[in-house]
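A quick write-up on the structure given underneath.
The values are calculated or read from the model by the stated rules, or taken from the named source; none is laboratory data. Every value quoted in this text rests on a predicted model; they were computed, and no experiment measured them. Cβ sites come from the backbone with ideal geometry, for glycine too, and all protein chains shown count toward neighbours.
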DNA sequence: GACATGTATATTGAATTCATAATTCAATAT
DNA sequence: ATATTGAATTATGAATTCAATATACATGTC
């Protein structure tokens, strides 16, 4: 992508420069900041997002902020109503049920491709993360467990070596995010999840793509069950 | 409308009115127009997109246009370089090869879900379209063939009844679009494509999800082969 | 007191303006 | 003639301004 552009900039001299100055637009910067704020739950679903307030918070004018909001709306993270402004998108049960099979298909694909492309070093890294995750599980550290868990799935995804796949998967993952923080896994389900991860590692080591795909898919199904319950129970004690 | 009905008009009846006035923002309108211009090839890949010119063409100021461009860039239809403006994204061979397996997974899913949900009426509609497509094939009307073909795939997608899936698939389809118009199908491949479509119809009628998924996947693989060749040959006679 | 109507305020959508970076092109040096 | 420098032009990024719309509040009516 930026490959061609760079190459045709000038002969070789300048494009081969060691450290090109990277400038970003405010829009881009804002986009990234807002995205992670939403995904991390700093901005809660359903919250109205007054432009003025955010502008002050970031010290920018409304123009770049609004540009960022349009993009986020396009990605489904924000809901934009004409003349009424933006609110952080609220995940409905329907959204969740729609996203589920799609993520399943993508997850399965990532498993197959990862098995085809993963290096031994990457497998080692994942095994380390897995041990770390088990530690968090034993200590009942839900937050840390989630993070490590996420890292493992990220590693599988990047091992698949397909940017398009990664981008789509992350996009959906971002939309599911909110219920994540509501989820209060039962002990038995948590144990089951860890066991599934053991299987994931095994299939990965065996580089058995079909098997990994199947495991990831059912692992995801279980995760969705948990998220769905959290979503349905929200608001209640 | 009778007296009685008038008298009983309430807030509910009003909001449930059949035809609410739909107002759209300029940004939204532009987004749609630009998107289809790109997908239809009115704006060629690699073209620079001078803001001023487009503003004049649409009779709007730069603000909503730029908002639309940011969104299109996010979708990969446009490439934005800071201080240098926008150009219509150029599809590389790598992009194509990345998109392929992802579209395959989505297409397979759409087949499975379509078989589970499709109505008899929808199948009839698709069969009609298929006959139309065969006519175009026999007349060697490539453009019309493409359009009808696309409509069939659109119908399967919408029969699957999953908005999320549709949105993602259309997004990828949009990025592949350009090579479409370069493709000059050989007679044998064209014949093969039509035969595959016969199988698609058959699986759909039998509501055999797994079978349809497999056929769609290999049908897609063949399509990619054609598109890939077109992409490699472009510029040459 | 509940509801409807009208007015003031605040917020958003879009145009305009301003500042800065990129491009063009002429003048100069090689 | 070609390449290089620097001023003029143009296009872009972002802030500001203006207009349209929605919200909040107050007033009046039943």
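The table below lists the values:
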item: Single match in B:72, B:80 (criterion: in a helix (DSSP H, G or I), outside the structural domain of residue B:158 (by TED's automatic domain parsing) and within 14 Å of DNA strand D (Cβ to nearest atom)); result: B:72
item: Residue in segment A:39-46 that is farther than 25 Å from residue B:163 by Cβ, surrounded by fewer than 18 Cβ atoms within 10 Å (Cβ to Cβ) and away from every other protein chain (no Cβ under 11 Å) present; result: yes
item: Answer residue from segment A:47-77, given it is within 12 Å of chain B (Cβ to nearest Cβ) and touching a strand residue (DSSP E or B) at 6+ places or on another chain (Cβ under 6 Å) and is farthest from DNA strand C (Cβ to nearest atom) among those; result: A:72
item: Check on residue B:84, closer than 30 Å to residue B:51 by Cβ, exposed (fewer than 14 other Cβ atoms within 10 Å of the Cβ), modelled with pLDDT under 95 and more than 9 Å from chain A (Cβ to nearest Cβ); result: yes
item: Boolean, residue B:214 is more than 15 Å from the chain's Cα centre (by Cα) and over 21 Å from residue B:131 (Cα atoms); result: yes
item: Pairs with Cβ under 6 Å, 6+ apart, first in segment A:157-181 and closer than 21 Å to residue A:201 by Cβ and away from chain B (no Cβ under 13 Å), second assigned to a loop (DSSP other than H, G, I, E, B) and modelled with pLDDT of 90 or more; result: A:159/A:118
item: Scope segment A:88-114; condition buried (at least 18 other Cβ atoms within 10 Å of the Cβ) and farther than 30 Å from residue A:215 by Cβ; matching residues; result: A:88, A:89
item: Failed item, numbered, when residue A:136 is tested on (1) under 23 Å from residue A:36 (Cβ atoms); (2) outside any helix (DSSP H, G or I); result: (2)
item: Condition check for residue B:101: within 11 Å of chain A (Cβ to nearest Cβ) and either farther than 24 Å from residue B:217 by Cα or not in a helix (DSSP H, G or I) (or both); result: no
item: Selection status of residue A:114, within 30 Å of residue A:69 (Cβ to Cβ), outside any loop (DSSP other than H, G, I, E, B) and under 20 Å from the mean Cα position of the chain (by Cα); result: no
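Yes/no matrix, rows are residues, columns are (1) under 29 Å from residue B:80 (Cβ atoms); (2) modelled with pLDDT under 95:
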{"residue": "A:24", "(1), (2)": "yes, yes"}
{"residue": "A:40", "(1), (2)": "yes, yes"}
{"residue": "A:46", "(1), (2)": "no, yes"}
{"residue": "A:52", "(1), (2)": "yes, yes"}
{"residue": "A:64", "(1), (2)": "yes, no"}
